[in-house]
4 protein chains.
Amino acid sequence: MDERIRKKTDSRLARIEGQVKGIRKMVEVDRYCIDILTQISAVISALKGVEEIVMEHHLHTCVAHAMQKEDPEEKQLKIIEVMDVFKRFS
Amino acid sequence: MDERIRKKTDSRLARIEGQVKGIRKMVEVDRYCIDILTQISAVISALKGVEEIVMEHHLHTCVAHAMQKEDPEEKQLKIIEVMDVFKRFS
Amino acid sequence: MDERIRKKTDSRLARIEGQVKGIRKMVEVDRYCIDILTQISAVISALKGVEEIVMEHHLHTCVAHAMQKEDPEEKQLKIIEVMDVFKRFS
Amino acid sequence: MDERIRKKTDSRLARIEGQVKGIRKMVEVDRYCIDILTQISAVISALKGVEEIVMEHHLHTCVAHAMQKEDPEEKQLKIIEVMDVFKRFS
């Protein structure tokens with residue numbers, strides 16, 4: 001990853017780490033379940049945002065690169081990898 | 001799409017169409033809500049299966065093709081399209 | 001279900017059935033994969049809309065009713081059923 | 001929450017916090033994008049597991065309790081809250 005994307009990704013993950021700590025605190029002080037669920041949903045959305053950044057970067061670099069080569073096995077492998085992420089997502 | 005994938009996709013969609021008809025019947029004869037919800041989930045899973053077939057085909061053909069060309073705008077466009085599907089999925 | 005909810009549900013399902021037919025047509029005439037994927041996503045969203053209507057109705061009727069009874073097994077069963085739908089959804 | 005559920009929830013969240021830290025490390029040392037995406041998916045699954053625990057607890061306690069009361073506004077509010085979580089999930 002280039003420096004800009006790495007920093008962006010890390011700052012989002014740092015924020016997510018803080019949010020998870022916050023949810024643990026909410027559980028500890030017995031906050032209302034619905035508020036806890038709302039926070040968990042927020043963290044899941046934030047993680048999906050990170051996934052999108054990493055996936056977009058991956059398509060622009062590794063996948064684009066493999067597609068330009070002549071090696072059909074390499075191409076096939078990259079598509080299988082992307083489809084695996086896609087299936088886990090859906 | 002080649003003939004084999006088109007047929008596979010159409011036969012799955014034909015089955016999904018039948019399942020939706022079946023759910024309408026369930027609603028009409030007042031079947032238990034949970035049974036209706038189970039059937040709706042089954043149809044959503046089936047549609048995701050079709051999405052996976054179409055997406056995999058798209059990566060193997062249009063995306064792979066665009067990546068081999070020199071046109072950076074064309075590449076960028078294909079990645080944006082794939083990411084849009086990805087975001088709607090997640 | 002009362003008549004109003006049944007009609008609402010059926011008219012949505014009828015529309016979904018039409019959309020699935022439309023996707024089959026798109027596949028038949030070899031429309032662009034991304035357009036097909038966009039339509040499939042639209043149908044999935046529409047089905048989730050129906051799920052929400054049915055689930056809300058179920059909570060207001062069967063679940064609310066079971067909770068008012070004294071039978072702990074009946075309550076437990078209703079919660080398990082709702083959680084099963086919830087898990088399939090997530 | 002009773003002590004058993006609180007402990008279970010906290011130990012899962014502690015593990016998730018560790019996993020997020022691990023992903024930050026993976027980004028820092030420039031691990032392969034697909035491996036990072038696999039880990040993010042694992043954290044999302046783990047968070048959904050916590051959501052299920054909290055939701056099930058909520059149905060057994062707050063929702064069950066509200067349903068036994070005569071207050072229709074209270075019942076309506078609980079159902080709206082559950083449906084909101086449900087919609088965010090789907």
With axes computed from alpha carbons, what is the tilt in degrees of helix D:3-28 against the longest principal axis of chain D, rounded to the nearest 10 within 0 to 90?
30 degrees
From the label point of D:CYS62, set 7 Å along Cα to the beta carbon, how far off in nm is each other copy's matching point, shortest first?
2.4, 4.1, 4.4
Angle between the Cα long axis of helix C:33-58 and the longest principal axis of chain C, 0 to 90 degrees, nearest 10?
20 degrees
Cβ-derived FRET efficiency at R0 45 Å, C:ASP30 paired with D:ILE80, nearest 0.05
0.50
Too long at a 28 Å Cα-Cα cut-off: which of A:LYS48/C:LYS7; B:LYS25/D:LYS78; B:LYS21/C:LYS69; C:LYS78/D:LYS87; A:LYS48/D:LYS87; D:LYS25/D:LYS87?
A:LYS48/C:LYS7; B:LYS25/D:LYS78; B:LYS21/C:LYS69; D:LYS25/D:LYS87
Residue mean of other protein chain beta carbons inside 10 Å, B:44-56:
6
Sorting from shortest, the nanometre distances separating the label point of A:ARG15 (7 Å past Cα along the line to Cβ) from those of the same residue in the other copies are 2.8, 3.5, 4.2
What value, in deg cm²/dmol to 500, does the helix sum -39500 (n - 2.57) over DSSP H runs of n ≥ 4 give at 222 nm once divided by the residues of chain C?
-28500 deg cm²/dmol
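Could you tell me the total accessible area buried at the B-C interface, probe 1.4 Å, in square angstrom to the nearest hundred?
Values: alone 7140 and 7140 Å², together 10560 Å².
For chain B against chain C, roughly 3700 Å² becomes buried.
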The protein assembly as shown: projected area of the alpha-carbon convex hull, averaged over directions, in nm²:
19.9 nm²
Placing unit charges on C-beta atoms (Lys and Arg positive, Asp and Glu negative, everything else neutral), compute the dipole magnitude of chain D about its Cα centre in debye, rounded to 20.
420 debye
Cβ-vector label at 7 Å, A:LYS87, separations to other copies in nm:
2.1, 2.6, 3.3
Check the axis relating chain B to chain A and name the residue of B whose C-beta is nearest, distance in whole Å.
B:MET67, 2
Would you mind getting the accessible area per residue of chain B, heavy atoms of the protein chains only, 1.4 Å probe, in Å²?
47 Å²
Mind checking which of B:ILE34, B:LEU13, B:VAL85 is farthest towards the positive end of chain B's charge dipole, using Cβ charges of +1 (Lys, Arg) and -1 (Asp, Glu) about the Cα centre?
B:ILE34
The aspartates and glutamates whose Cα lies under 20 Å from the Cα of D:LYS75, excluding any fewer than 8 residues away in the same chain, are A:ASP35, C:ASP2, C:GLU52, C:GLU56, C:GLU70, C:ASP71, C:GLU74, C:GLU81, D:GLU56, D:ASP84
Rg(Cα) / (2.2 N^0.38 Å) computed for the range B:23-90, rounded to two decimals
1.69
Just grab the label-to-label distance for D:LYS21 and B:THR61, each label 7 Å out from Cα along the Cβ direction, in nm (one decimal).
4.9 nm
For chain C, what is the relative contact order in percent, using Cα pairs closer than 8 Å and at least 6 residues apart in sequence?
27 percent
Across peptide C:78-87, how many C-beta atoms of other chains are within 10 Å of each residue C-beta, on average?
6
Quantify, in whole percent, the carbon and sulfur part of the accessible surface of chain B (1.4 Å probe; protein heavy atoms only).
50 percent
Measure out, as a whole number of angstrom, how far apart the alpha-carbon centroids of the range C:1-68 and the range A:3-69 sit.
30 Å
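The values are calculated or read from the model by the stated rules, or taken from the named source; none is laboratory data. Please read all numbers here as calculations on a predicted model, not as lab measurements. Counting neighbours? That spans all protein chains shown, and the Cβs are built from the backbone with ideal geometry, glycine included. The protein model used for the area step is the full one, side chains on, heavy atoms only, and it has no ligands, DNA or RNA in it. Shrake-Rupley method; radii C 1.70, N 1.55, O 1.52, S 1.80 Å.
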